[in-house]
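Worksheet: one structure, shown below.
The values are calculated or read from the model by the stated rules, or taken from the named source; none is laboratory data. What you see is a predicted model; the values in this text were computed from it and never measured. Positions of Cβ are generated from backbone atoms using ideal geometry, with glycine treated the same way; all protein chains shown enter the neighbour counts. All accessible areas refer to the heavy atoms of the entire protein, side chains included, with ligands and DNA or RNA removed. Shrake-Rupley method; radii C 1.70, N 1.55, O 1.52, S 1.80 Å.
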Amino acid sequence: KLKKSSKLLVDAVSYFNISPDFAKKSVDANGNIILTGIFQRADVPNQNNRIYRKELLEREVNKLLPLIKDNQLVGECDHPEQAIISFSNTSHKILDLWWNGNDVMGKVQIIKGHPSGDKIIALLENGVKVGISSRALGDVEPSSKYPEFAMYQDVDVVCENLNLLTFDMVNNPS
């Protein structure tokens with residue numbers, strides 16, 4: 001259960017590794033731009049000094065998989081200031097999520113013909129690095145409360161009430 005003080009947690013992990021000729025390599029048979037990369041890391045501090053425990057991320061990824069299968073999970077261009085996913089700013093559809101060790105891997109399709117999707121396409125075509133970032137609700141506690149993470153200083157651990165909402169496209173992974 002979320003506390004009244006629960007906050008929006010946004011955590012970027014990495015940029016997509018885009019080659020200069022990405023348009024040839026990242027386009028499917030229907031002409032859709034597909035990007036694949038690391039979406040989240042478990043059990044290590046991220047750039048925002050937060051640790052997401054693997055068992056929580058596994059639970060949350062499993063919660064999102066039916067939405068992906070039903071073509072319902074989308075993300076936005078930039079992080080909004082609210083938890084609600086807005087179709088008016090949707091830039092991509094999440095096609096798949098899976099694990100590679102402690103990394104949550106993912107695949108997205110950029111939505112062509114939608115203003116936000118077209119913005120992402122224009123940025124990519126002009127060599128701009130585009131990152132992926134999780135959007136979630138939850139609380140954090142100091143890592144000192146967790147023996148397995150006590151070695152990390154000034155780091156928070158995301159609590160059990162994590163509610164992973166989606167992954168957004170961002171210009172500056174934190």
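I'm trying to understand the selection: among the residues of segment 1-30, which are modelled with pLDDT of 75 or more and open to solvent by less than 30 Å² (accessible area, probe 1.4 Å)?
9, 26
In segment 69-103, what residues are within 18 Å of residue 9 (Cα to Cα) and open to solvent by 70 Å² or more (accessible area, probe 1.4 Å)?
Once the filter is applied, which keeps residues that are within 18 Å of residue 9 (Cα to Cα) and open to solvent by 70 Å² or more (accessible area, probe 1.4 Å), segment 69-103 yields 78, 81, 82, 84.
What pairs come out if I take residues in segment 108-120 that are buried (at least 22 other Cβ atoms within 10 Å of the Cβ) and pair them with residues that are part of a helix (DSSP H, G or I) and among the β-branched types (Val, Ile, Thr) whose C-beta lies under 7 Å away, six or more apart or interchain?
110/120; 110/121
Can you run down the residue pairs with Cβ atoms below 6 Å, 6 or more apart or on separate chains, where the first is in segment 30-49 and over 30 Å from residue 143 (Cβ atoms) and the partner is hydrophobic (A, V, I, L, M, F, W, C) and modelled with pLDDT of 90 or more?
Once the first residue is over 30 Å from residue 143 (Cβ atoms) and sits in segment 30-49, its partners that are hydrophobic (A, V, I, L, M, F, W, C) and modelled with pLDDT of 90 or more give 33/110; 35/108.
Kindly evaluate residue 154 against the criterion of being modelled with pLDDT of 95 or more, more than 21 Å from residue 60 (Cα to Cα) and either out of contact with any Asp or Glu (no Cβ under 7 Å at 6 or more places or on another chain) or open to solvent by 20 Å² or more (accessible area, probe 1.4 Å) (or both).
Values: modelled with pLDDT of 95 or more: no; more than 21 Å from residue 60 (Cα to Cα): yes; either out of contact with any Asp or Glu (no Cβ under 7 Å at 6 or more places or on another chain) or open to solvent by 20 Å² or more (accessible area, probe 1.4 Å) (or both): yes.
So residue 154 fails the test.
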